[in-house]
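Presented below is the structure to which this report refers.
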Amino acid sequence: MRSSLTIFRREFAAYFNSPIAYIFIIAFLVLNAGLFMTGFFLNGAADLRGFFGNLPFFLIFFIPAVSMRLWAEDKRLGTFELLMTLPMRTADVMLGKYLAALAFYLVALAGTLTLPIMVGALGNPDGGAIFSGYLGAALLGALYLGIGTFTSGLMRDQISAVILGIMACFLLFVLGIPAVAATIDGWVPGFGSLLQNYLGLSSHYEMMLRGVVGAADLAYFLGLTVVFLVLNALWLEGRKY
Amino acid sequence: MIEVRGLSKSFGTMKALDDVSFRINRGEILGFLGPNGAGKSTTMKIITTFLAPDGGTVTVDGIDVLERPLEVRRRIGYLPENVPLYLDMNIHEYLTFVGRARGLEGARLRERLEWCVEACGLRNEYRKNIGELSKGYKQRTGLAQALIHDPDILILDEPTSGLDPLQILGIRDLIKSLAGHKTIIFSTHILQEVSPVTDRVVIINEGSIIADGTVADLSRGAMGTNRVFVGARAEAGAVETALRALPGVTELKPLRAAEGCRFEARGPFSDDLVGAVERLARERGWQLTELHEAPYSLEDTFIALTRRARGLKEVA
């Protein structure tokens, strides 16, 4: 755990050592708040459904860009060899890196807290739904980051890592869309719905937007995140052979 | 103590290491020599647990690198060939990071930082971003990183590559100053760098060890004959005939001389060639201008050994 903390501190600082962090955060806030505000007054409803509803698609591009450097950069710099010969387990190094990226995302997400304040001032929103919406957004980011960390570990350069990450996140997103599920059902009856229920993220995420935090939805996000992190550690261990 | 036994490793169809064995005792410095691509880095990566071998074993202080890699890593300071530096950190931040990652903290960490900065000469650029440092400073920062936890064992992959002569001298002195306390393996393809630092060399070529011993022993084995340079103020023809007649001389080559004559004589190491020539000169009344044994350079030895190894491979 102490090892992970050391790695975490370096990685988290690395985000803010470069201008990329600030550009990321500003872009994240401007795009999300902008998209949300364009629809907000038309809808005339004091809630954040519009904001949370955009996130699954928006984060497909944002998150892999945050995680792309995690391993690919170390491989390019040669520091990968340093990390893999430090007296710490691969899983500890990975956890430190992953949590640093997650913390960075949560900082960006925290920047959107002005939205609920504004909505609260303008109307009478459902506090529970906003809370569960943020929980959902955090879990969604955590899952995408798990995928992005994994794809960064597969690749030597960051561009490949980000493209592969976007594709993988997009797959989870698309599988959850009812129309896509229906199409697959047309080819192989039942298969599309099966994928939608177990792998697609929309249904799990939608529940949280409505203010319902179910054990199955939590298990979906956390479980799948852990799967990708374990795959990441196994891949990096397996590289030795 | 490091013991490497029967190591083999392939990358795809390329055989990088083939049955590599050698050992280094505590406190010994070993020069690990070979042309580029011979398998030096691969061997070092296996000893430092970065790679796992396909076959064979490596033990560090009796600990197997595959069974307990973390304990092996704790004992080793490692400078990879591509110096692993975070370009966005300054030297202080970077060394602090590596120190913490190696379990140092508080007063002990500060003490080690101080030592490394002093020993590696990093004082002047201590707060400068590593990305802006010169090649020499980067290399020395990498070396400092390997030394931060005061390891018993140092594995240095091409520690002097890309440095200017003065910097090379500095690194060499640093390695020498660590001699006796630490077990050190350093690799290089530049032969002149070995002799000033250590006697003990292992030579690897195309994935196999082709020599293991002291520089002197190796050249004896590789070259087969001793060579002596003789210069005399006397008639060249007479000297040549007389030298050829000496029982210890198997080969004689006339050389160019400013005055008198000069020869390179070769013979078995077992014969005292210098003594024999000296007696001969006294008998004949020649005035000797030169008489000395010329030890083979590591270069000659190396070329002879790699050539022989290649020949053996072709025969096989």
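Readers should treat all values here as calculations from the given coordinates under stated rules, not as data from a laboratory. Computed from a predicted model, the values in this text were never measured in an experiment. With ideal geometry, Cβ positions are generated from the backbone for all residues, glycine too; neighbour counts draw on all protein chains shown.
With the dipole of the protein assembly as shown worked out from charges on the C-beta (+1 for Lys and Arg, -1 for Asp and Glu) around the Cα centre, which of A:118, A:90, A:151 lies farthest toward the positive end? Of the candidates, A:118 comes out farthest on the positive side. About its Cα centre, the dipole of chain B is roughly 260 debye, where the only charges are +1 on Lys and Arg Cβ and -1 on Asp and Glu Cβ. Helix B:165-178 and the longest principal axis of the Cα set of chain B meet at an angle near 80°. Backbone geometry of the stretch B:274-283 corresponds, through the Karplus equation with coefficients 6.51, -1.76 and 1.60 at θ = phi - 60°, to 3J(HN,Hα) couplings of 4, x, 5, 5, 4, 4, 4, 4, 5, 4 Hz, x marking Gly and Pro.
Dividing the mean sequence gap of close Cα pairs (under 8 Å, 6+ apart) by how many residues the stretch A:2-238 holds gives a relative contact order of 26 percent. Under the membrane-span-like helix rule (DSSP H runs whose alpha carbons stretch at least 20 Å along the helix axis, mean Kyte-Doolittle hydropathy 1.6 or higher), chain A yields A:20-43, A:158-175. In percent, rounded to a whole number, the relative contact order of the stretch B:224-293 is 46, using alpha-carbon pairs under 8 Å and six or more apart.
Magnitude of the charge dipole for the protein assembly as shown, about its Cα centre and with charges confined to Cβ atoms of Lys, Arg (+1) and Asp, Glu (-1), is about 240 debye.
The mean number of Cβ atoms from other chains found within 10 Å of a Cβ in peptide A:230-240 is 1, as a whole number. Overall, the stretch A:2-238 carries a charge dipole of about 420 debye about its Cα centre when +1 sits on the Cβ of Lys and Arg and -1 on the Cβ of Asp and Glu, all other atoms neutral.
Taking every lysine pair in the stretch B:2-220 that is 8 or more places apart or spans two chains, those with Cα atoms closer than 25 Å amount to 16. Angle of helix B:236-245 to the longest C-alpha principal axis of chain B, folded into 0 to 90 degrees and rounded to 10: 80°.
Annotation: the antiparallel percentage among DSSP beta bridges lying fully within the stretch B:2-220 is about 55. Here's the picture: charge each Lys and Arg Cβ at +1 and each Asp and Glu Cβ at -1 in the stretch A:153-241, and of A:196, A:221, A:238 the one pushed furthest to the positive end of that dipole is A:238.
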